[in-house]
Every structure is written in C-alpha cells, then in structure tokens.
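The values are calculated or read from the model by the stated rules, or taken from the named source; none is laboratory data. None of the values given here were measured: they were computed from a predicted structure. Glycine also receives a Cβ, built like all others from the backbone with ideal geometry; neighbour counts cover every protein chain displayed. For the accessible areas, the whole protein counts, side chains as well, though only heavy atoms, and no ligand, DNA or RNA atoms are used. Shrake-Rupley method; radii C 1.70, N 1.55, O 1.52, S 1.80 Å.
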Amino acid sequence: MNKVAYREAQDNQLKYLLSYVSDHSPYYQKVFRERGVDIETILNIEDLAVLPFTTKDDLAAANDDFLCVPKSRIADFVTTSGTLSDPVAFYLTDSDIERLATNEAASFQCAGGTEQDIYQLMTTIDRRFMAGLAYWMGARKMGAGMIRVGPGAPFLQWESIQRFSPTVIIAIPSFIPRLIDYAVANGIDFKSSTIRSIICIGEPIRNQDFTYNELGKRITSQWNVKLYSTYASTEMGAAFTECSEGKGGHLNPDLLVLEVVDEQDHAVAEGELGEVVITTLGVEGMPLIRYRTGDLCHVYYSPCACGRTSPRLGPVMGRKQQMIKFKGTTIFPPAIFDVLDMVKEIELYQVVVSKNEFGNDEITILLALHLNTAAFREMLHSLFKSKLRVTPLFEFITAEELTFRIFRQEKRKPEKLIYI
C-alpha cells in the first residue's frame with residue numbers, strides 16, 4: 001500500500017474510531033464534553049492535534065472507564081507489566097484477539113517468516129501477558145508451528161531445539177548469551193542448530209545508527225543468526241517490527257496511528273528523537289486516542305529499501321520517566337546496559353536507582369560475588385568513565401541472590417532495572 005492510500009484508509013478509520021468512543025467510552029465521552037470537542041470537525045489524521053493526549057496516569061486513574069463493551073463480552077483479561085507503576089488492566093474481546101493475531105502474523109512476515117517456519121517461544125504465555133498470546137495467535141494465523149517452552153530453562157530450550165528443529169526463536173535478547181553459554185558448557189553444537197533468526201523483544205539490540213549495540217554484537221559474534229528488533233506494548237496491542245534491512249521497526253498503518261512529538265508536543269522531523277504517541281485502530285474493548293507511551297525513539301518517514309512506505313521507529317533510547325540525573329550527567333538505562341553488555345565476564349546484573357539524602361539519583365549495579373576482585377572493579381570503573389563519564393556504585397552478591405532478584409517469580413520479565 002502506498003503512502004497516499006494508507007493515509008486515506010487511516011482517515012476513514014479515525015472517523016469511525018471517534019464516533020465509536022463517543023458512543024461507547026465513558027472516559028472519552030467525559031473528555032470530549034469537558035474539552036468541547038466536536039468530532040465532526042476532525043476529518044483526517046492532521047486534525048488529531050486538536051484532541052488532548054491520553055496519559056498513563058489517566059489510564060490508571062479511570063481504568064474501567066476506557067472499556068467500551070460490557071464485561072460479559074470480554075474474552076481475555078490482561079495487564080500491563082507495571083515497570084514504573086501498578087499494572088493496568090486491559091480487556092480484549094474476540095475481535096481484539098483476532099486483531100492481535102493479524103498484527104503478529106504481519107510482524108512475523110515482516111521479519112522474513114513464512115508458514116514453513118517453526119517458532120520457539122521463550123517468553124511466558126500466561127501471567128496475564130498479552131505478548132505471549134499474540135505470538136501464539138500470530139503463528140497460528142500464519143500457518144506456522146509454535147513450540148511454547150516459556151522463559152529460562154536452558155536445558156529444556158536446547159532439548160526442544162534438538163527434538164523439534166525450530167527455525168526462529170522469540171526471546172528477550174539478554175537471555176541468548178546464557179543459552180549460548182549453556183550450550184558451550186554442555187557440548188551442544190549450537191552453531192549447527194536449525195535456528196536461523198531471533199525475534200528480540202523487550203530490549204534494544206541496536207544503536208541509534210542501526211548498528212548492533214553491545215548485546216547485539218555479543219550474540220552475533222558467537223552465533224550466525226539474524227536478529228530482528230521489535231517494539232510493542234500492551235496499550236497499543238500491536239508491534240513495530242524490523243524487516244531484513246534492519247533500519248527500524250515498521251508501523252502497521254491498519255492498526256495504529258503514529259505520532260512522535262518533542263518536549264513542546266510538536267511533531268518531530270525525519271530522524272529526530274521524540275516521544276511515541278499512538279492511537280489504536282480496530283480495537284473494540286479499550287481503544288486509546290493519542291496515548292503517550294513515554295518511550296523515546298527516532299522516527300523515519302522516508303520509504304524503506306524493502307519497499308514499505310509507512311513510518312519506522314528506531315530503537316527505544318529510553319523512557320521519559322526513566323531519565324536519570326547522575327552526578328550532573330543525564331543517563332537513560334539502555335546506556336548503562338550497553339556498557340555492562342560489553343564485559344563478557346558479566347552474565348547477570350541488576351541496575352538499582354535510588355535517591356540519596358539530598359534527593360539526587362544514585363546508581364548501584366549488583367553483580368555476582370565471584371567477580372569481586374580489585375582488578376575487575378578497576379576495569380569497570382575505567383570502562384564507565386570512558387563510556388558515560390561517570391561511575392556508579394558496585395555491589396557484589398551471591399549468584400543465587402542475584403538470580404532470585406532478577407528472575408522474580410511474580411514478574412513476567414527479568415528485572416534488570418529497579419527503582420527504590
């Protein structure tokens with residue numbers, strides 16, 4: 001679909017969305033009434049700017065008021081991950097679940113997938129996690145196979161790979177070095193496995209210029225696999241997925257309207273950094289209008305070499321709420337992760353952000369006790385000084401305690417970053 005065609009289609013879908021929430025959403029009915037919004041004057045995507053933003057706080061404070069259907073019609077109940085606040089409920093109808101399947105099938109195809117592939121899912125499909133459900137539904141819709149192994153358990157992962165010969169892994173990328181290390185330690189010839197690509201979720205594997213970051217380089221230097229970045233959230237119920245060009249995740253214009261705005265809430269230009277704002281299309285249960293994700297990405301409007309003409313998003317550089325002011329330097333957590341991922345001796349780590357008695361940010365990095373030597377501490381000190389110009393505190397604890405803190409049973413994702 002060319003740019004003109006998809007924009008016309010989005011304009012029509014936007015008109016339907018505004019009419020739908022005006023009739024069915026208690027939250028947007030109240031907002032439109034209080035703001036004096038006349039939806040008849042909103043004719044196209046450009047007119048979205050007259051509408052107020054929806055924030056995470058709005059969603060948390062009036063959670064069920066966003067629901068547009070009776071709860072008797074809800075087919076699946078999910079929650080957000082709650083990284084920075086309490087999890088928010090999301091309600092999916094049968095139609096919304098089908099939309100998830102449509103999105104994920106298109107995302108798999110964007111990443112080179114076909115019905116001939118077998119996917120191995122290394123994330124949870126339970127615990128009210130939308131993504132795991134979406135991956136399974138997407139593979140099913142595309143006609144591909146799916147092995148639902150779940151997170152962790154390197155032995156079971158390799159046993160499944162050797163038994164079922166999957167071609168694609170879906171995983172949090174920081175788990176892959178552990179998978180490789182387990183294979184090496186146990187004499188598994190991982191380089192001769194059937195795996196040809198990895199769909200990476202939850203963490204960036206690229207720098208701003210689309211080269212692999214330290215984690216991406218760490219994986220590809222050991223394993224000849226193709227990595228595909230994805231960016232998604234429960235709130236959008238859709239994903240931005242890379243194609244084989246590796247130049248940003250593609251917008252699916254049938255499912256989302258994308259805005260990327262600066263600090264003054266103006267649209268940023270080609271290649272510039274801004275906050276990702278989304279409007280969901282085709283959602284029946286809990287549609288969102290101009291939802292501020294808090295995620296900061298570079299946006300690209302020029303056509304991709306793959307032929308797609310919809311906008312692309314670069315890797316998430318950080319979240320507005322996660323910006324750390326440390327010793328006069330502004331740091332986003334991915335920059336800290338990138339330094340730690342450079343050190344092959346570090347298998348696990350957790351970054352702890354706290355406030356000191358003066359209200360200033362402090363950063364403490366928890367590492368495994370066996371690394372606690374003078375030479376290693378000096379190396380880390382020098383590395384952080386050269387890369388970030390500041391050095392955090394380092395605390396060394398047992399590997400068992402570190403594993404327990406990172407892979408908490410009640411959490412759906414590894415906790416590489418916590419705020420206390």
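Restricting the range 348-391 to residues that are touching a Leu at 6+ places or on another chain (Cβ under 9 Å) and part of a loop (DSSP other than H, G, I, E, B), which is surrounded by the most Cβ atoms within 10 Å (Cβ to Cβ)?
Looking at residues that are touching a Leu at 6+ places or on another chain (Cβ under 9 Å) and part of a loop (DSSP other than H, G, I, E, B), I get Y349.
Give me the residue from the range 321-371 that is acidic (D, E) and in contact with a helix residue (DSSP H, G or I) (Cβ under 7 Å, 6 or more places away or on another chain) and, out of that set, nearest to K413 (Cα to Cα). Please lay out each step first, then the result.
Narrowing the range 321-371 to residues acidic (D, E): 338, 341, 345, 347, 357, 361-362.
Within this subset, residues satisfying the condition of being in contact with a helix residue (DSSP H, G or I) (Cβ under 7 Å, 6 or more places away or on another chain) are 338, 341, 345, 347.
Numbers: D338: 18, D341: 18, E345: 22, E347: 16 Å.
Out of the qualifying residues, it is E347.
From the residues in the range 291-323 that are crowded, with 17+ Cβ neighbours inside 10 Å and either touching a Ser or Thr at 6+ places or on another chain (Cβ under 7 Å) or assigned to a helix (DSSP H, G or I) (or both), which one is modelled with the lowest pLDDT?
By that ranking, first place goes to Q322.
Can you tell me which residue within the range 164-176, out of those that are open to solvent by less than 10 Å² (accessible area, probe 1.4 Å) and either of a type outside the set (A, V, I, L, M) or without any contact (Cβ under 8 Å) to a residue 12 or more places away in the chain (or both), is farthest from I205 (Cα to Cα)?
Among those residues, the one meeting the criterion is P166.
Each row is one residue, and each column tells you yes or no for (1) touching a residue at least 40 places away in the same chain (Cβ under 8 Å); (2) within 12 Å of the chain's Cα centre (by Cα); (3) open to solvent by less than 50 Å² (accessible area, probe 1.4 Å); (4) farther than 27 Å from P166 by Cα.
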residue: I198; (1), (2), (3), (4): no, no, yes, no
residue: N224; (1), (2), (3), (4): no, no, no, no
residue: L255; (1), (2), (3), (4): yes, no, yes, yes
residue: A267; (1), (2), (3), (4): no, no, no, yes
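Got a sec? Which helices (runs of 4 or more DSSP H) wholly within the range 154-272 have at least 1 residues that are within 30 Å of A60 (Cα to Cα) and of a type in the set (A, V, I, L, M)?
Ranges flagged: none.
Test of understanding: among Y349, Y300, which residue is aromatic (F, W, Y) and within 30 Å of N44 (Cβ to Cβ)?
Sole residue among the options that is aromatic (F, W, Y) and within 30 Å of N44 (Cβ to Cβ): Y300.
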